[in-house]
Amino acid sequence: MAVESTADRAAFLSTDEFGEEVTWTVGAASSTINVVADTGTERLEMIDGPGALSRRVGLLCRETDIPTGATRGNVVTFRSAAHAVKSIEPDGEGMALVRLEKTVAD
């Protein structure tokens, strides 16, 4: 059982508090949802030779806010840049971590 209520989770994601808006596109339909962003870099260790740094973006959102039909490869516009959904990871308590990768135009 989740400790927070639906209202608690919505308040946490409010743009007046910690949240920011992103646009999630599934097919031809777009939805705007509130998220808390986790951006930065992570070190990828290599078996042979030096490691590498990789940029990462994760978005924390309410499971109920994720658009119907959302899946890997959908486009999420975050901070004016298009990203592809890499994974959607529900936490079992009403929230989900959405991992993104930045898309690069040819």
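The values are calculated or read from the model by the stated rules, or taken from the named source; none is laboratory data. All figures in this text were calculated on a predicted structure; none of them were measured in a lab. Because the Cβ atoms are built from the backbone with ideal geometry, glycine has one as well, and the counts that use them run over all protein chains shown. With ligands, DNA and RNA removed, areas are computed over all heavy atoms of the protein, side chains included. Shrake-Rupley method; radii C 1.70, N 1.55, O 1.52, S 1.80 Å.
Some notes on this structure:
- Spin-label pair GLU101/ALA7, simplified geometry with 7 Å Cα→Cβ offset, distance in nm: 4.2
- Taking amide H atoms as placed 1.01 Å from N in the peptide plane, the amide H of ASN74 lies under 5 Å from those of VAL85, each 5 or more residues away in sequence or on another chain.
- Accessible area of SER14 in the full protein assembly, 1.4 Å probe (Å², nearest 10): 30
- In terms of accessible area, using a 1.4 Å probe and ignoring ligands and nucleic acids, THR32, THR23 rank largest first as THR32, THR23.
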